[in-house]
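Worksheet: one structure, shown below.
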Amino acid sequence: MTALKQFQRLEATGLWRPAPGAQRREVVVSLGEATLTISSTADQALAHWSLAAIERAPGTDGPALYHPEGDPSETLELDASDMVDAIETLRRAIRRARPRSGRLRWLGAGLSVAAVAALCMMWLPGALTDHALRVVPEVTRVQIGTALLARMERVTGAPCRTGAAADGLRALERRTGVPRLSVVPTLGVPSLALPGGRVVLDRTVLEDFEAPDVAAGYVLAEAARSEVRAPLRDVLEASGFLATTTLLTTGRLPDRALDAYALGVLREPRTPVAAEALLALFAAAELPSAPYAYALDPSGEATLALIEGDPAQAGADPIMPDGVWLRLQAICGA
């Protein structure tokens with residue numbers, strides 16, 4: 001310590017009293033490496049006070065009165081201004097060097113709060129989403145899917161509806177096991193899954209192919225995606241923590257969250273579906289997978305697993321009669 005080195009050889013006389021009622025005696029006081037040494041005039045050491053544990057008695061009049069920290073019964077009276085200045089300088093230096101317990105407590109508390117907040121930010125949104133997926137009822141999921149479809153209309157156009165095509169849609173729903181199908185004029189992607197078991201098809205999936213097997217393949221692909229990752233999870237993660245909390249407390253997602261997701265989902269890339277999972281759905285529906293595979297890749301190279309693993313049996317029942325299929329193809333008024 002610079003201040004200590006400056007006063008290491010400083011000495012002065014003072015009056016020392018070892019205990020209450022004892023006679024004060026003249027002593028020689030010197031500053032050492034870490035102590036204040038009190039010696040008799042015959043150079044006999046009488047006491048050693050730690051520089052870090054010296055207190056000055058209150059009051060400014062007259063000589064300075066010091067005592068060991070916490071023990072005012074032993075006192076040292078100093079009148080030498082140089083020694084008093086030196087001791088005060090050292091006491092200030094020691095106080096500055098001491099750790100600030102209050103600051104450390106505040107710092108520790110702040111770090112703890114920050115750690116908890118960071119943990120909550122990382123863990124709580126995912127945990128809340130998982131909880132919502134467990135408790136949100138099917139009727140609410142259907143309402144969310146219907147609301148999203150309505151908000152997508154500004155981009156996709158209104159869902160196509162004709163009485164003549166209704167039988168075809170119902171036949172496609174029954175064969176694929178998907179409860180709700182909609183067809184829109186301009187989806188931008190061939191198919192899209194929404195919460196509540198709703199699958200939306202672009203009109204070209206119906207109009208550009210001769211048989212309904214391709215449309216059924218797109219429906220099954222969305223069903224496979226939904227099994228891997230629920231569409232409601234995508235909605236909640238895109239909507240954020242507050243929107244999810246609103247859903248859990250009110251049973252509704254905020255309109256702004258629905259609007260944002262309805263427009264953003266059409267720009268998101270489609271997640272690939274594992275061939276094994278998709279073939280299992282084709283087999284359960286007793287549908288051929290090859291027509292869908294060739295619709296994805298006319299060369300068949302990228303979808304070879306779907307072609308070679310086609311589970312369709314010879315003589316499998318058609319999805320719908322030809323007349324019903326033709327009316328379904330014209331659902332958007334081609």
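The values are calculated or read from the model by the stated rules, or taken from the named source; none is laboratory data. Keep in mind it's a predicted model, so treat the numbers as computed, not measured. Neighbour counts run over all protein chains shown; Cβ positions are idealised from the backbone, glycine included. Protein only, heavy atoms only, side chains kept; ligands, DNA and RNA dropped before computing areas. Shrake-Rupley method; radii C 1.70, N 1.55, O 1.52, S 1.80 Å.
See the values below:
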| read-out | value |
| --- | --- |
| The chain - percent of accessible surface contributed by carbon and sulfur, probe 1.4 Å | 55 |
| Expected 222 nm ellipticity per residue - DSSP helices of 4 or more, -39500 (n - 2.57), all of the chain, to 500 | -15000 deg cm²/dmol |
| Paramagnetic label zone (point 7 Å from Cα along Cα-to-C-beta, Leu15; backbone N under 19 Å) in segment 63-92 | 63-68, 72-85 |
| Given charges at beta-carbon only (K, R positive; D, E negative), |dipole| of the chain in Debye | 1040 |
| Chain lengthening between Gln23 and Ala164 when straightened (0.36 nm per residue, less Cα-Cα) | 38.8 nm |
| Relative contact order, percent, the chain [alpha-carbon distance under 8 Å, six or more residues apart] | 14 |
| Three-way shape call for segment 149-197 based on the alpha-carbon gyration tensor, with the a/c threshold at 1.5 | oblate |
| Three-way shape call for the chain based on the alpha-carbon gyration tensor, with the a/c threshold at 1.5 | prolate |
